[in-house]
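A short worksheet on the structure shown next.
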Amino acid sequence: MKKYVVVLVVVIVAVAAGIYFSSSKKPEITYRTAKVERGPLVSSVSSTGTLAAVITVQVGTQVSGTIQKLFVDFNSKVKKGQAIAEIDPALFTAQVEQTRGNYLSAQGNLEKAKADLLDARRSLERNRQLLKGGIISQSDFDTAENRCNQAAAAVMGAEGTVTQSKGGYDQARTNLNYATIRSPVDGIVVSRNVDVGQTVAASFQTPTLFTIAQDLTKMEIQTSVDESDISRIRVGQPVTFTVDAYPETRFTGSVRQIRDSPVVTQNVVTYVVVVNVDNREMRLKPGMTANVSIETARKENVLLIPAAALRFKPKSPTESKDKSAQATPSGGKKPARKGGGEQVYTLTPGKTPRPVPVRSGISNDGSVELLQGDLKENDEVIVEQSSPNQKKAGGMGGSPMGPRF
């Protein structure tokens, strides 16, 4: 019995010793590294926008009526001054005839008033001579003079009526001309909003009947750039973009305009950047969504370090999983920008992190230019750290960027 008790005690002591030494063993920490490389670096700003014609004209009507004829349809090529639609002119023709009659009547009244004035002046002159000879009285002369003045006033009134009626006549003829809707520019009809028999009403707001793109061989993209990136945009910078219709093709353009007017959407401030696009092949169409990349800087043959290396900071194995997890390039955090306090970490021969002060330059989504620092091509920098707890939870994670140590 005593023998079994002794054996049991020995076993318990051995197990306790194993647990103690196992728990006191320092956890293994592994690091993922990537090489410092040399090559070209392009810094860019990405955004989205919509393709549109450089000049788009909305054609409306200044008179109301029923559409009687349509001379063009979608995609029709038109010339400046070409008739593209016609509103029923019957009412306008009648108004022209009516106002023309009023105008002619006013002209006739003017001629009659002029004749009366001429007669009144002759009578006044005769009475003046008779007054000098004492043949008529002063009151008779005053009556003749008053008649002459009234005739002159009647002429002025008739002239005003003529002018007024002429204005009405001209307006009626203009409305008749407006019944035929003409293209204001050379271009292509991209939108038609009416059909034959449809009634259009020109009230306070002119209805849009057609939309004409002046020249689809030259288009533009209006893209929104965040306020944090707008300082990097300059007129003339090269632009590349893709559209869903041709996902394998990269189209080119250039920045034409940076508009100073801010656009605020849910407290997010953006600015409109206009990009010129050459569409001589007519592959691009108005309204297409463009995924735009504006090249803000380009350098050749520079040292490149991974953006994740600037974000890396060593963590002790006792820290929580949330604190020890390192941001990867897909984590959404931006790399450190130019300025003091930047550093990366390399591994010592003893496999411990060693800080190396650096100064960075331009960057893109994955790489940063190395301006200063005790690093050379093919040196390894740490981009990620993993603890045993992380391995048990699912491994190192992230994309393979280099060997582990």
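The values are calculated or read from the model by the stated rules, or taken from the named source; none is laboratory data. As the structure is a computational prediction, the values presented were derived from the model and not from experiment. Quick reminder, even Gly has a Cβ in these numbers, built from the backbone with ideal geometry, and neighbours come from all protein chains shown. All accessible areas refer to the heavy atoms of the entire protein, side chains included, with ligands and DNA or RNA removed. Shrake-Rupley method; radii C 1.70, N 1.55, O 1.52, S 1.80 Å.
Some points to look at:
- GluC sites (Glu not before Pro) restricted to DSSP loop in segment 274-316 with at most 10 other C-beta within 10 Å: E281
- Net charge, Y246 excluded, C-beta distance under 14 Å - Lys, Arg +1, Asp, Glu -1: 0
- Net charge contributed by nearby residues that have their C-beta within less than 12 Å of R147 (K/R +1, D/E -1): -3
- Using R0 = 41 Å, the C-beta based FRET efficiency linking E97 and L118 works out to 0.80.
- Per-pair calculated FRET efficiency, R0 = 22 Å: Q82 and T56 via Cβ, rounded to 0.05: 0.80
- Spacing of the two label points (7 Å from each Cα toward its C-beta) at E295 and T143, in nm: 10.1 nm
- Once backbone amide H atoms are built at 1.01 Å from N, V185 has G81 as its partners under 5 Å, excluding neighbours fewer than 5 places away on the same chain.
- A straight chain from A245 to I258 at 0.36 nm per residue would run longer than the Cα-Cα distance by 2.0 nm.
- Estimated vicinal HN-Hα couplings, Hz - segment 297-304 in sequence order (Karplus 6.51, -1.76, 1.60; Gly, Pro = x): 7, 8, 9, 10, 6, 10, 6, 10
- Listed values for segment 357-372 are Karplus-derived 3J(HN,Hα) couplings in whole Hz (6.51 cos²θ - 1.76 cosθ + 1.60, θ = phi - 60°), namely x, 9, 10, 9, x, 6, 8, 10, 5, x, 10, 10, 6, 9, 8, 9, and x replaces Gly and Pro.
- In order along segment 135-152, phi translates into HN-Hα couplings of 7, 10, 8, 5, 5, 5, 5, 4, 5, 5, 5, 5, 4, 5, 5, 5, 5, 5 Hz, rounded to whole numbers, per the Karplus curve 6.51 cos²θ - 1.76 cosθ + 1.60 with θ = phi - 60° and x for Gly and Pro.
- Amide H contacts of S360 (H built 1.01 Å from N, in plane; Pro and chain starts excluded): G339, L371 sit under 5 Å, all sequence-distant by 5 or more or on other chains.
- The loop-placed GluC sites (Glu not before Pro) in segment 350-383, going by DSSP, that have at most 13 neighbouring Cβ atoms within 10 Å of their Cβ come out as E377.
- Segment 30-110 - Rg over Rh from alpha carbon coordinates, Kirkwood radius: 1.54
- Overall, the accessible surface of segment 78-154 at a probe of 1.4 angstrom is composed of carbon and sulfur to the extent of 51 percent.
- For N175, net neighbour charge (Lys/Arg +1, Asp/Glu -1) across residues whose Cβ lies under 14 Å away: -2
- Full-stretch length increase - V269, N378 - with 0.36 nm per residue and alpha-carbon distance subtracted: 35.1 nm
- Solvent-accessible area per residue for segment 36-80 (1.4 angstrom probe, square angstrom): 56 Å²
- Sparsely packed trypsin sites (Lys or Arg not before Pro) within segment 122-174, loop by DSSP, other Cβ within 10 Å at most 13: none
- Linear extension gain, T199 paired with K35, 0.36 nm per residue minus alpha-carbon span: 51.9 nm
- Distant-in-sequence amide H partners of G60 (H built 1.01 Å from N, under 5 Å): L209
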